Amino acid sequence: MQFDDDADLDTSEVKDVRNSRVPGGRATVGGGIIGLIALVLGVLFGVGPDQLGLTDGGDEPVATSSSAAQVNQACKKGSDANTREDCRIVAVVNSLQDFWRSEYARRGGAYGNAATVMFTQRVGTACGSATSAVGPFYCPGDRQVYLDLGFFEELRTKFGSSGGPFAQAYVVAHEYGHHIQNLMGTLERAQDGRTGANSNAVRVELQADCYAGVWARHATTTPDDRTGRPLLTRLTDADIQDGLDAAAAVGDDRIQERFQGRVTPENWTHGSAAQRQQWFHQGYRTGDMARCNTFR
Ligand SMILES: [Zn+2]
């Protein structure tokens with residue numbers, strides 16, 4: 001996975017709050033209902049509500065990571081994305097939105113931007129206050145993707161993914177898939193409160209995987225708004241394999257096997273490892289979001 005060294009990164013699409021203190025969040029107290037919505041819509045993998053870590057706020061200070069320079073200082077060029085993890089996420093967000101903007105334009109629609117918020121430990125959102133324990137998520141209420149980069153370490157150590165730069169890109173692309181669903185009105189289908197292998201929740205998640213694949217297919221040929229050249233210049237088979245491996249690692253059956261010792265499809269929220277791989281690959285193979293109808 002390689003970015004154009006000379007491209008300018010657009011850091012306005014990423015809000016870096018890793019060094020800021022988060023206020024208690026009492027203004028967004030929503031209790032269990034808002035927490036549940038965040039669970040259904042956003043969480044990348046199926047942790048139970050008791051592990052969710054969503055909170056109605058508190059006043060304890062949030063520990064900060066002090067050393068990291070903010071992305072708007074550190075991430076200027078594609079070359080930065082080729083060397084720094086946080087800058088790579090900026091470039092992935094830029095590439096994703098380049099693609100979806102052009103895809104919407106091609107279809108005669110208007111794409112609305114979604115920022116990615118990089119945080120540590122806890123963050124306040126329109127969907128309630130959340131901790132890093134929920135994993136990366138999309139909040140439809142404020143149309144933002146929330147990401148603690150520490151998750152990528154967990155993806156390897158806790159979930160057994162091979163990792164790799166494109167594994168991270170897949171995770172971010174999945175969350176932007178939810179943004180597309182929000183714009184299209186399909187995201188709310190997940191909100192019927194049901195789980196299970198055939199639930200709408202699982203269908204929405206698999207569609208987000210498919211949309212991630214659609215982007216991956218077009219990423220190296222979509223011109224960047226600023227340069228007219230693709231921001232992502234190289235994506236290898238090994239990169240795609242990293243993405244598929246990450247998709248499998250967060251499959252419900254894998255997670256259940258790993259953390260509860262048995263597989264219970266009636267509790268699935270995101271789909272099995274095989275399904276997640278299959279739908280990412282479907283998007284990647286066809287490059288056509290119309291082929292991502294997981295509701296059929
Ligand atoms: Zn998801």
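The values are calculated or read from the model by the stated rules, or taken from the named source; none is laboratory data. Everything numeric here is computed off the predicted structure, so don't read it as measured data. Cβ atoms come from the backbone with ideal geometry, glycine included; neighbour counts cover every protein chain shown. Side chains included, ligands, DNA and RNA excluded: accessible areas come from the protein's heavy atoms. Shrake-Rupley method; radii C 1.70, N 1.55, O 1.52, S 1.80 Å.
As a summary of the residue check, ARG254 satisfies the conditions (1) surrounded by 20 or more Cβ atoms within 10 Å (Cβ to Cβ); (2) in contact with a strand residue (DSSP E or B) (Cβ under 7 Å, 6 or more places away or on another chain) except for the one numbered (2).
In the range 105-131, the qualifying residues are those that are within 16 Å of the ligand (Cβ to nearest atom) and farther than 30 Å from PRO223 by Cβ, and the one that is surrounded by the most Cβ atoms within 10 Å (Cβ to Cβ) is ALA130.
Residue-level analysis places VAL214 among those that are within 16 Å of the ligand (Cβ to nearest atom) and of a type in the set (Val, Ile, Thr). Is it the case that VAL47 is at pLDDT below 95 and either open to solvent by 30 Å² or more (accessible area, probe 1.4 Å) or away from the ligand (no atom under 16 Å from the Cβ) (or both)? No: the conditions fail for VAL47.
Among the residues of the range 196-241, write down those that are buried (at least 18 other Cβ atoms within 10 Å of the Cβ), β-branched (Val, Ile, Thr) and closer than 22 Å to LEU9 by Cβ. The one that is buried (at least 18 other Cβ atoms within 10 Å of the Cβ), β-branched (Val, Ile, Thr) and closer than 22 Å to LEU9 by Cβ: THR222.
A residue that is within 16 Å of the ligand (Cβ to nearest atom), of a type outside the set (Ser, Thr, Tyr) and open to solvent by 20 Å² or more (accessible area, probe 1.4 Å) cannot be found anywhere in the range 159-179. Please tell me if ALA91 is modelled with pLDDT of 95 or more and either farther than 20 Å from SER12 by Cβ or in contact with a helix residue (DSSP H, G or I) (Cβ under 9 Å, 6 or more places away or on another chain) (or both). In short, yes.
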